[in-house]
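Asks: Just dropping this structure here.
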Amino acid sequence: MTAAASELRGRGAARFARIVLLGGMLVGLGLWAADWMHDAVLYVHETDARISADMVSVSSRVAGRVIERPIRSGSVVTLGDTLAVIDDRVSQTLLDELLAELDRIDAEMSERDAEITMIDQTTKSRYASEQARLAAAQALVEAVEVEFNYAKLEFKRAETLATGGVVSIQRLDKARNDYLTTQKELVSATAQVATAQAMLGEAQAARREIDLIVRERETLIRRKAEVRARIERQQIDIADRVIASPLQGVVSRAFVEVGEYIQPGQRIALVHDPRKIYVEANIRETDIARLSLEQTVRLEVDAYPEMLFEGRIKMIGAAATSVFALLPNPNPSGNFTKVTQRLPVRISVDQVDGMLRPGMMVEVFILIDEDASSPLWWFQSQ
């Protein structure tokens, strides 16, 4: 074979190899474009997504020094488990003082009750006796008054008859003596009524002392209610010094150490329930019109690229994420650059053996047409 023929054959082989390589590249590009077009038509694809959970920030209602912190980041807790304990010695001392004050008020109330009982017993019989004496004196006045009126009439009749000489001087003297005697008896009976009334007034005054003591006792009752309220508030303060978990879950992060002095409202820990997770995706506003609730979503978690997860759309945001920016751009200068906004979309997903954790990055493929393809189409086709 001549050198020219050999060179010509070499050029032909190289040309054929280039054609085959180019054809392979075009075929690969075509397959990639077909796959991309398939996903673009059937799915809304978004990489700006991550796993989220409702983080509960547990804080302190009281100030004090942390003396116990039995948890750490990653600890599993149940409802009511202790997260931290704050020193309660001062609060317990204040509670003891209030309890002592409550006992002192109870003792004073017992003294008032004893005084009321004693005064009631000593004055009740006296008051009844004075009432009886007054009634007897008044009855005596009425009886003597009748005799006095009769003696007065007899004396006037005898005096008239004695002037005409009808009766003797002795009878007139007797009628005068009877009149004067009954008059003295009436004055004496009236004086007894006044005395009985005065004694009854003294007995009434002694019993009115009970009313004063009753009012003092009512004041003690109000003081007791106030002290009870302060005791209850102090008991709440002591209870607040044992900070408990508000749910069953995992401690995402602990923020305080033993010995640290904390203030009211200061965070102790973040807690979340790993069973109640969801995916938060920020979808472009140009794709929102293609979404609806309960659409099937294919989830690819960066931490587990070999696994497939499936979810459903549960919420489509009512406002773009830019609305909640800490530093919104009011654009006062008039210069404007249009930027596609994003709206938050929440997607439900089931937990799998605790593998899915808040903060993990996720790619979402939201199936647009349920009838066009199975949500597992892409993986089944591989």
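The values are calculated or read from the model by the stated rules, or taken from the named source; none is laboratory data. Not measured: the values here are computed from a predicted model. So basically every Cβ, Gly included, is an ideal-geometry build from the backbone, and we count neighbours across all protein chains shown. For accessibility, only protein heavy atoms count, side chains too; no ligands or nucleic acids. Shrake-Rupley method; radii C 1.70, N 1.55, O 1.52, S 1.80 Å.
Asks: Looking at segment 355-382, which of the residues that are modelled with pLDDT of 80 or more and part of a loop (DSSP other than H, G, I, E, B) is surrounded by the fewest Cβ atoms within 10 Å (Cβ to Cβ)?
Replies: The selected residue is Gly359.
Asks: Would you please list the contacts, defined by Cβ atoms under 6 Å and residues six or more apart or on different chains, that run from a residue in segment 169-198 that is at pLDDT 75 or above to a residue that is open to solvent by 60 Å² or more (accessible area, probe 1.4 Å)?
Replies: Pairs found: Thr182/Glu147.
Asks: Now for a separate question. I'd like to know if segment 225-247 contains one or more residues that are polar (S, T, N, Q), surrounded by 15 or more Cβ atoms within 10 Å (Cβ to Cβ) and either at pLDDT below 90 or assigned to a helix (DSSP H, G or I) (or both).
Replies: Checking segment 225-247: at least one residue is polar (S, T, N, Q), surrounded by 15 or more Cβ atoms within 10 Å (Cβ to Cβ) and either at pLDDT below 90 or assigned to a helix (DSSP H, G or I) (or both).
Asks: A follow-up question, please. For the list (1) touching a helix residue (DSSP H, G or I) at 6+ places or on another chain (Cβ under 9 Å); (2) farther than 19 Å from Ile243 by Cα, I need the number of the one condition that Ala107 fails.
Replies: (1)
Asks: Going residue by residue through segment 57-65, is there one that turns out to be touching a residue at least 40 places away in the same chain (Cβ under 8 Å), part of a strand (DSSP E or B), of a type in the set (D, E, K, R) and open to solvent by 50 Å² or more (accessible area, probe 1.4 Å)?
Replies: Yes; the residues of segment 57-65 include at least one that is touching a residue at least 40 places away in the same chain (Cβ under 8 Å), part of a strand (DSSP E or B), of a type in the set (D, E, K, R) and open to solvent by 50 Å² or more (accessible area, probe 1.4 Å).
Asks: Mind checking which residues of segment 336-354 are modelled with pLDDT of 90 or more, over 23 Å from Ala289 (Cβ atoms) and open to solvent by less than 40 Å² (accessible area, probe 1.4 Å)?
Replies: Across segment 336-354, the qualifying residue is only Val349.
Asks: Now, a different point. Which members of segment 89-108 meet the condition of being open to solvent by less than 50 Å² (accessible area, probe 1.4 Å) and over 26 Å from Arg217 (Cβ atoms)?
Replies: Ser91
Asks: While we're on this one: Being among the small types (Gly, Ala, Ser), open to solvent by less than 90 Å² (accessible area, probe 1.4 Å), in contact with a strand residue (DSSP E or B) (Cβ under 9 Å, 6 or more places away or on another chain) and modelled with pLDDT under 90 narrows it down to one of Ala281, Ala320, so name that one.
Replies: Every option except Ala320 fails the conditions.
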